1. Where Lys and Arg each count +1 and Asp and Glu each count -1, what net charge lies around Leu135 among other residues with Cβ under 10 Å from its Cβ?
2. Pull out a ≥ b ≥ c, the square roots of the eigenvalues of the alpha-carbon gyration tensor of segment 87-159, then state rounded if a/c is under 1.5, prolate if not and a/b is larger than b/c, and oblate in the remaining case.
3. What list of ³J(HN,Hα) values in whole Hz, one per residue of segment 109-117 in order, does the Karplus curve 6.51 cos²θ - 1.76 cosθ + 1.60 (θ = phi - 60°) give from phi, with Gly and Pro shown as x?
Amino acid sequence: GAPVPHAQITVIGSQDLTVANRLHRHRTDQDGTFNLRLPVGEYWVQAVAVGFQPRWFEEASQRGEALPVVIEEPGAEVVWPVLLQPIASVFGEVADLSAPGKDKINSGTVLLEGLLTPLRKMTSLVDGRFVAEGLLPGPYRIRVVVAGYVAEQAGLTLSAGENLGPIKVSLSKG
């Protein structure tokens, strides 16, 4: 990822008893960093920005799981760069190859499967269109299944921040 200016930072203290004392909200500076002065304790830190995958602070040497940030000295200043992964999207339409004018298919099921994400099922809309948003960059397999038609599938790769499409899928009766 890259530094993200104006991302929302949420800091949750695990030892404070009241919600008002536990939750702190901040924004990153223009250079994508933020700094805080927090009391001694453990804190969970999350960064969120429009167009990016939300991320909990992770210690790089660990297994990629969210870990608490530990402040051990009173008055210690915490400075972090916020690195977020831009999300991607894909859109397209499903048409009947055998129909004159390639009529749109209104009831198709669109399956999108990525190596890093679980299977995502979408149904084509009334005008034959489909949209999948909030996807991580990477390789995907798209498959379109409609009763009475031969299923189609294709591979695609999404880049960070990409809005890929329109993908045109034409099905033939089977």
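1. Result for the neighbourhood of Leu135: -1.
2. It is prolate, given that a/c is not under 1.5 and a/b is the larger ratio.
3. Residue by residue, segment 109-117 yields 9, 10, 10, 10, 10, x, 5, 9, 10 Hz.
A short reminder: the numbers here are calculations on the coordinates, not readings from a lab. None of these values were measured; they are calculated from a predicted model. For neighbour counting, all protein chains shown are included, and Cβ atoms are generated from backbone atoms with ideal geometry for every residue, glycine included.
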